[in-house]
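S.K.: Here it is, the structure in full.
Each reported figure results from applying straightforward, stated rules to the coordinates on display, with no laboratory input. Please read all numbers here as calculations on a predicted model, not as lab measurements. Here the Cβ is made from the backbone with ideal geometry for all residues, glycine too, and neighbour counts use every protein chain on show.
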Amino acid sequence: MAKFYPRAVWFIAMLFCVQTTIAQNIPSPKDHFGFTIGDDYQLANYTQTSAYFKILAETSKRVKLVDIGKTEEGRPQYMLIITSPENQKNLEKYKEISQKLGRAEGLTPAQAKALAAEGKAVVWIDGGLHANEVVGAHQLIQMAYNLSSRTDAETTKILDNVIVLMTHANPDGQELQSDWYMREKDPKKRSLSGLPRLYEKYAGHDNNRDFFMLNLKETQNMGRQLFIEWIPQIMYNHHQAGPAGTVVAGPPYRDPYNYVFDPMVLTSLDAVGAAMHSRMNVEGKPGYTQRGGSVFSTWYNGGLRTTTYFHNMIGLLTEIVGSPTPSEIPLVPSRLLPNGDSPNPVLPQKWFFRNSIDYSVSLNYAVLNYAQRHYDELLYNIYQMGKNSIDRGSKDTWSFSPKKIEAINAAYQKDRPAGANTGGFGGRTPAMPTKYLDTVMKAPKNRDARGYILSADQPDFTTAIRFLNALIRTGVVVHKATAAFAVAGKNYPSGSYVVKTDQAFRPHVLDMFEPQDHPNDFKYEGGPPVAPYDAAGWTLAYLMNVKFDRIQDKFDGPFEKLPHGELLKATPKPLPSGNGFVLSALANESFLAVNELLKGGVEVFRNTADGSFYVPASAKAKTILNKAEHGFGMRITAGSKPAKAVKIAPSRIALWDTYGGSMPSGWIRFIMEQYHFDATVIYAPDIDAGKLKEKYDVIIFVGGSIPALTTGGEGGRGNFGGTAANASIPEEFKARIGRMSQDKSIPQLKEFLAAGGDIVAIGSATNIAAHLNLPVRNAMVEMVDGQEKRLPATKYYVPGSVLSVTVDKTQTANWGLDAATDVYFDNSPVFKLNPNAVSSGQIRPLAWFGSATPLRSGWAWGESYLQDGVVAFEANYGKGKVFAFGPEITFRAQTHGTFKWMFNQLYK
């Protein structure tokens with residue numbers, strides 16, 4: 001007898017069948033990869049992963065696959081857009097809503113409310129940025145499958161109210177790391193360590209320090225999606241590893257936070273962090289720590305997560321333990337006692353890759369569930385933060401910073417009578433009159449800028465264009481002057497650029513132009529400093545030596561607003577007529593053109609008076625310069641051959657690197673390619689083989705290359721860098737294995753110099769001075785019991801910051817630099833010259849600290865110790881020269897203002 005089901009029961013049965021069909025049509029990771037994501041000893045490479053992403057896009061109506069650009073090694077970089085099929089039909093509409101609210105331009109609160117109600121929250125989730133942190137890329141695979149196939153109520157609500165941008169952050173790195181791990185047939189022999197080269201072609205781990213500069217193709221691809229195309233309200237950046245004795249470190253983070261943020265950034269981090277932490281506790285997943293439980297702060301700009309704060313986004317970072325090779329949660333007794341940072345500690349135990357994948361998926365769901373519950377609030381809040389920025393940039397505004405707080409206290413103390421009672425009624429400190437606040441926070445000189453003008457007639461305008469393009473890539477609004485104009489009594493030519501602060505991304509604008517004022521951060525009074533997470537100061541306009549005027553009053557002019565995200569290109573100009581052409585030594589782009597001319601067989605001379613380049617007019621020279629002029633916008637003037645002109649030729653350049661890859665060396669490779677220098681990468685075995693002068697004219701050494709001088713015993717044969725030989729290393733990389741040593745490498749460098757070779761030593765590579773017994777020594781010392789001791793950090797500490805140095809412009813090594821030059825300084829080497837070092841002719845100081853207060857941006861504790869310390873010098877050794885630069889003159893390819901210190905030494 002036939003049975004008749006009530007309509008509801010029939011519907012549920014049919015829905016179950018449909019859901020089962022959906023799940024069956026979408027292959028699981030195990031179907032595709034042959035193993036479950038999280039299985040021990042198993043990793044997928046990017047070729048396999050991207051193929052799976054394509055299958056998900058083909059089999060699920062929830063998934064759209066987008067190629068956001070090519071990587072540095074030429075692979076496609078994919079982003080999965082995952083949301084409900086209905087939302088997929090209206091992606092452009094929701095993208096436009098997200099853009100409008102993120103930029104907050106011309107919207108009333110009522111209009112913003114309406115758009116927020118109509119829109120969908122946009123959440124970014126990435127993985128794989130640091131390729132040796134393999135949980136990130138693999139949780140991305142698992143999460144993409146879950147969102148593509150799951151039909152539970154939570155997933156359905158997420159898909160209805162959220163657009164998820166799942167982005168692979170480093171395809172090249174996953175390919176390298178996974179293939180390296182899986183190359184061993186015996187699973188027990190597999191290891192993530194020992195990679196033969198950087199897992200991002202140039203930057204390695206520094207790929208997560210490139211997001212305000214956006215030098216790399218991968219970071220440019222992601223930056224466009226984040227700051228131009230989608231402007232998500234939440235972005236989640238997966239990393240490894242959590243602090244020992246925990247499983248995962250996440251939001252909220254420790255102080256200090258950057259003072260330019262909208263306060264809603266911090267409270268939003270608290271809210272989303274609470275949702276993540278609570279879900280871990282609900283699901284019985286202990287080991288989450290936050291705030292002071294880890295080292296991660298919100299001070300630094302430049303990270304994939306941190307740059308988003310300067311764009312009013314809720315930037316999330318988690319650092320989780322885990323490896324395909326099973327590991328252990330170690331016993332750390334201090335981590336076992338619950339506290340506000342870690343209320344649910346984890347016990348020591350065996351830890352499997354699958355545990356980390358499960359944790360990561362739960363954390364993703366916590367974020368997405370928060371977003372779907374608060375989607376309209378998130379959309380409106382990013383508008384409100386943007387509007388706050390526009391409002392602050394449209395009126396007189398004073399921002400607080402540690403130095404201003406110190407100024408308020410100093411003004412109060414100055415007016416207090418000597419011996420005045422410090423206690424008020426009941427021993428309380430008396431209230432400070434508000435006039436002391438007003439003396440600082442209403443002083444016209446302390447007002448925030450309304451904008452910045454970059455004049456088109458500055459000496460290195462092409463570098464200014466590079467700087468502006470970095471801003472444009474991060475979504476900053478830039479205006480161009482269509483005619484000459486005047487502001488505050490100064491005239492500016494047509495073609496100048498203006499960056500105003502009345503825009504949504506005002507925090508980022510301020511951060512790129514203004515000095516960072518890092519607080520004096522110590523564990524306790526008189527104790528050691530608390531190291532910042534990465535740099536303390538990085539003002540990009542300073543590092544790139546961009547000339548700008550800071551305008552504090554409202555101003556306007558014949559300004560044309562440039563389209564969002566459209567990069568600047570130099571306007572071609574005809575070459576001047578004459579017997580020859582002059583290229584300024586002040587402009588970095590001149591070196592690029594000179595390198596092209598030399599490669600083309602064109603004669604090039606340097607004017608020994610100022611370092612400018614002279615090129616005799618010829619058809620070939622004109623062809624090459626026209627190409628350079630059109631491509632790079634250099635100013636080329638007509639001129640005659642200088643009386644004291646020296647013909648130059650390209651040097652045979654060698655650049656030190658090591659097995660596994662050196663990030664500073666990788667960045668120099670990037671710079672060399674950008675400016676068309678040819679260089680050969682060499683390794684310790686190449687140096688130890690000798691006969692270096694037969695092959696090279698100049699060798700560049702970076703931090704981590706030259707060992708410190710040791711004396712006696714095994715220390716006398718100390719080695720530095722590289723890795724021990726390993727039979728499993730592929731043949732193509734075995735020639736890189738080896739270490740720079742005092743007993744083998746240094747004698748070859750001495751021979752190279754004696755034969756007329758030159759060495760450029762940067763950062764700790766200036767250790768070469770001690771090996772050569774040059775008459776210089778460490779300046780950052782004090783006398784203790786009659787002996788020189790290194791200054792302790794309680795007295796002197798300068799983490800990565802921008803400092804000003806005095807430059808001797810008469811020295812040929814300094815051609816093109818300013819008399820006062822900003823350098824990136826990270827507890828860098830500083831020298832004191834021995835008596836007669838200069839008079840003997842062996843040493844020529846190039847730059848030094850001419851002030852007791854050289855700090856320009858960041859944090860410098862005890863900076864007065866730096867005064868008169870030499871930071872750069874040139875030394876004769878045999879027929880050759882050593883050019884020693886203590887500061888990081890090529891740091892992360894950001895320090896364009898000091899590139900010329902390297903470039904000048906690369907011709908003969």
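S.K.: First check a/c for segment 586-715, with a ≥ b ≥ c the square roots of the eigenvalues of its C-alpha gyration tensor; if it is under 1.5, answer rounded, and if not, answer prolate when a/b is larger than b/c or oblate otherwise. Walk me through the numbers on the way to the answer.
M.R.: Details: a/c = 2.67, a/b = 2.18, b/c = 1.22.
Judged from the Cα gyration tensor, segment 586-715 comes out prolate (a/c at least 1.5, a/b above b/c).
S.K.: Kindly rank 232-239, 44-51, 118-125 from highest to lowest mean number of other beta carbons found within 10 Å of each residue. Intermediate results must be reported in sequence, preceding the final value.
M.R.: Values: 232-239: 26.9, 44-51: 19.9, 118-125: 25.4.
The most tightly packed comes first, giving 232-239, 118-125, 44-51.
S.K.: One-quarter of the Cα convex hull surface for the chain, in nm²?
M.R.: Numbers: hull surface 190.7 nm².
Projected over every direction and averaged, the Cα hull of the chain covers 47.7 nm².
S.K.: In whole Å, how far is the Cα centre of segment 276-314 from that of segment 448-518?
M.R.: 32 Å
S.K.: Something else now. Multiply the residue gap between Gln748 and Ala486 by 0.36 nm, knock off their C-alpha separation, and tell me the result in nm, one decimal place. Display every interim value, and only then the final one.
M.R.: Numbers: separation 262, 0.36 × 262 = 94.32 nm, distance 5.93 nm.
Value of the extension gain: 88.4 nm.
S.K.: Here's another thing I want to ask about it. If you filter segment 582-665 for trypsin sites (Lys or Arg not before Pro), then keep DSSP loop positions with at most 11 other Cβ within 10 Å, what is left? Present the calculation step by step, with values, prior to reporting the outcome.
M.R.: On the way: sites: Lys599, Arg606, Lys620, Lys622, Lys627, Arg635, Lys644, Lys647, Arg652; in loops: Arg635, Lys644, Arg652.
The qualifying sites are Lys644.
S.K.: What is the angle, in °, between the Cα long axis of helix 7-25 and the longest principal axis of the Cα atoms in the chain? Nearest 10 is fine, range 0 to 90.
M.R.: The answer is roughly 30 degrees.
S.K.: Of all beta bridges DSSP finds with both residues in segment 653-903, what is the antiparallel percent, to the nearest 5?
M.R.: Values: 32 of 48 bridges.
Of the beta bridges lying entirely in segment 653-903, close to 65 percent run antiparallel.
S.K.: Using only Cα atoms, what is the ratio of the radius of gyration of segment 788-862 to 2.2 N^0.38 Å? Each step should come with its number before you reach the end.
M.R.: On the way: Rg = 13.9 Å, N = 75, 2.2 N^0.38 = 11.3 Å.
After normalising by residue count via 2.2 N^0.38 Å, the value is 1.23.
S.K.: For the chain, what does -39500 (n - 2.57) per DSSP helix run (n ≥ 4), summed and divided by total residues, give at 222 nm, in deg cm²/dmol to the nearest 500? Display every interim value, and only then the final one.
M.R.: Numbers: 27 runs with 284 residues, N = 908.
Taken over the chain, the calculation gives -9500 deg cm²/dmol.
S.K.: Right, another one. Helix 588-599: angle to the longest alpha-carbon principal axis of the chain, degrees 0 to 90, nearest 10?
M.R.: For helix 588-599, the angle is close to 70 degrees.
S.K.: Put a dot 7 Å past each Cα toward the Cβ at Ala410 and Asp186; how far apart are the dots in nm?
M.R.: Rounded to a tenth, the inter-label distance reads 6.7 nm.
S.K.: Rounded if a/c is under 1.5, else prolate if a/b is larger than b/c, else oblate: which is segment 836-908, with a ≥ b ≥ c the root eigenvalues of its Cα gyration tensor? Write down the numbers at each step before the final one.
M.R.: Values: a/c = 3.25, a/b = 1.29, b/c = 2.52.
Oblate, since a/c reaches 1.5 and b/c is not below a/b.
S.K.: Label segment 350-493 by shape, choosing from rounded, prolate and oblate, from the square roots a ≥ b ≥ c of the eigenvalues of the Cα gyration tensor; if a/c is under 1.5 it is rounded, and otherwise prolate applies when a/b is larger than b/c, oblate when it is not. The partial results should precede the final answer.
M.R.: Numbers: a/c = 2.36, a/b = 1.11, b/c = 2.14.
Because a/c hits 1.5 or more and a/b fails to exceed b/c, segment 350-493 counts as oblate.
S.K.: A follow-up question, please. From largest to smallest, what semi-axes in whole angstrom does segment 580-647 give when each is the square root of 5 times an eigenvalue of its alpha carbon gyration tensor?
M.R.: 17, 13, 10
S.K.: Using 0.36 nm per residue of separation minus the Cα-Cα distance, give me the extension gain between Ser640 and Glu673 in nm, one decimal.
M.R.: Full-extension gain reported as 8.8 nm.
S.K.: Under a plain spin-label model, where a point goes 7 Å from the Cα along Cα-to-Cβ, how far apart in nm are Lys547 and Phe522?
M.R.: Each label point lies 7 Å from its Cα, and together they span 4.2 nm.
S.K.: Debye calculation, C-alpha points only, no solvent: report log10 I(q)/I(0) for segment 653-903 at q = 0.08, 0.11, 0.13, 0.16 Å⁻¹, in the same order as the q values.
M.R.: -0.31, -0.59, -0.83, -1.26
S.K.: Students often check this: by mean Cβ neighbours within 10 Å, which of 755-766, 100-111 ranks highest, and how do the rest follow?
M.R.: Details: 755-766: 23.0, 100-111: 16.8.
Peptide ranking by packing, descending: 755-766, 100-111.
S.K.: Shifting gears a bit: Here are some pairs, Lys403/Lys490; Lys100/Lys500; Lys573/Lys620; Lys644/Lys695; Lys809/Lys908; Lys547/Lys832; which of them have Cα atoms lying more than 23 Å apart in this structure?
M.R.: Values: Lys403/Lys490 30 Å; Lys100/Lys500 19 Å; Lys573/Lys620 18 Å; Lys644/Lys695 30 Å; Lys809/Lys908 20 Å; Lys547/Lys832 32 Å.
Beyond 23 Å: Lys403/Lys490; Lys644/Lys695; Lys547/Lys832.
S.K.: What ranking of Tyr696, Tyr259 emerges when the number of other C-beta atoms within 10 Å of each C-beta is taken as an exposure proxy, fewest first? Walk me through the intermediate numbers first.
M.R.: On the way: Tyr696 21, Tyr259 18.
With the sparsest Cβ surroundings first, the list reads Tyr259, Tyr696.
S.K.: Let me ask another. Give me the percent of DSSP beta bridges within the chain that run antiparallel, rounded to the nearest 5. Intermediate results must be reported in sequence, preceding the final value.
M.R.: Details: 77 of 116 bridges.
Once the DSSP bridges in the chain are tallied, antiparallel ones form about 65 percent.
S.K.: Give the calculated FRET efficiency between Lys573 and Asn876 to the nearest 0.05, with a Förster radius of 41 Å applied to their Cβ-Cβ distance. Could the numbers behind the result be given before it?
M.R.: Values: r = 42 Å, r/R0 = 1.03.
With R0 = 41 Å, the Cβ-Cβ based efficiency is 0.45.
S.K.: Using alpha carbons only, how many angstrom separate the centre of segment 355-419 from the centre of segment 661-700?
M.R.: The two parts, judged by their Cα centres, are 44 Å apart.
S.K.: How far is the Cα center of segment 820-889 from the Cα center of segment 535-567, in Å?
M.R.: 30 Å
S.K.: For the chain, find the longest principal axis of its Cα atoms and tell me its angle to the long axis of helix 353-373, 0 to 90°, nearest 10.
M.R.: 80 degrees
S.K.: Between Thr623 and Val282, what FRET efficiency comes out of the Förster formula 1/(1 + (r/R0)^6) with R0 = 56 Å and r the beta carbon distance, rounded to 0.05?
M.R.: On the way: r = 69 Å, r/R0 = 1.24.
E between Val282 and Thr623, to the nearest 0.05, is 0.20.
S.K.: Which chymotrypsin sites (Phe, Trp or Tyr not before Pro) does segment 522-614 hold that lie in a coil by DSSP with at most 15 other beta carbons within 10 Å? Present the calculation step by step, with values, prior to reporting the outcome.
M.R.: Details: sites: Phe522, Tyr524, Tyr533, Trp538, Tyr542, Phe548, Phe555, Phe559, Phe581, Phe591, Phe605, Phe613, Tyr614; in loops: Tyr524, Tyr533, Trp538, Phe548, Phe555.
When the chymotrypsin sites (Phe, Trp or Tyr not before Pro) of segment 522-614 are filtered for loop state and at most 15 Cβ neighbours within 10 Å, Tyr524 remain.
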